[in-house]
Amino acid sequence: MTVTDNKALIQDIMDARARRDPNPFIAAMADDFVWRITGSTAWSGEYVGKADVLERLMRPLHRQFTAPTSLTASRIIAEGDYVVAECRGNATTLAGELYANTYCFVIRMADGKLRELTEYMDTALVERVLRPPGSQ
């Protein structure tokens, strides 16, 4: 795929995420997809493989919210196999607390699939609002 194709795919994924629809994102993950979350929170670390991402990251995270997180991309930049998306996320926890974080996703693409994603965000907000994985 071209740089333009990669950027368009991420734009489509972000448009869906703005509507709280994670399915295009999940469908675009390669089976060996790797998601790295920076920082030292309970959620930080490396999730290896689509199944691991879904089981240990996405499902436990989504169980903490009244609906999937809405992500709105303010900037998408592409070069070579990489696409960078700067986003604002909004969700409400089951306890009624607003979780509004700012993200930068650095995504490596290959053959029309997401291969790697490194996530940068406000880790202090994560620590304050989210329960650790496995505590749901």
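The values are calculated or read from the model by the stated rules, or taken from the named source; none is laboratory data. This one's a predicted model, so the numbers in the text were calculated from it and none came from an experiment. In this analysis, Cβ positions are derived from the backbone assuming ideal geometry, glycine residues included, and neighbour counts consider all displayed protein chains.
Scan the range 28-46 and give yes if some residue there is free of Cβ contacts under 8 Å to residues at least 12 places away in the same chain and either in contact with a His (Cβ under 6 Å, 6 or more places away or on another chain) or surrounded by fewer than 17 Cβ atoms within 10 Å (Cβ to Cβ) (or both), otherwise no. Yes - at least one qualifying residue is present in the range 28-46. Of the candidates Thr72, Thr93, Thr66, Thr123, the single residue that is more than 21 Å from Arg20 (Cβ to Cβ) and in contact (Cβ under 8 Å) with a residue 12 or more places away in the chain is Thr123. Restricting the range 81-136 to residues that are in contact with a Lys or Arg (Cβ under 9 Å, 6 or more places away or on another chain) and of a type in the set (S, T, N, Q), the residue that is nearest to Tyr47 (Cα to Cα) is Thr118.
Under the condition of being over 14 Å from the mean Cα position of the chain (by Cα) and either at pLDDT below 95 or closer than 15 Å to Ala110 by Cβ (or both), the residues counted in the range 1-15 number 7.
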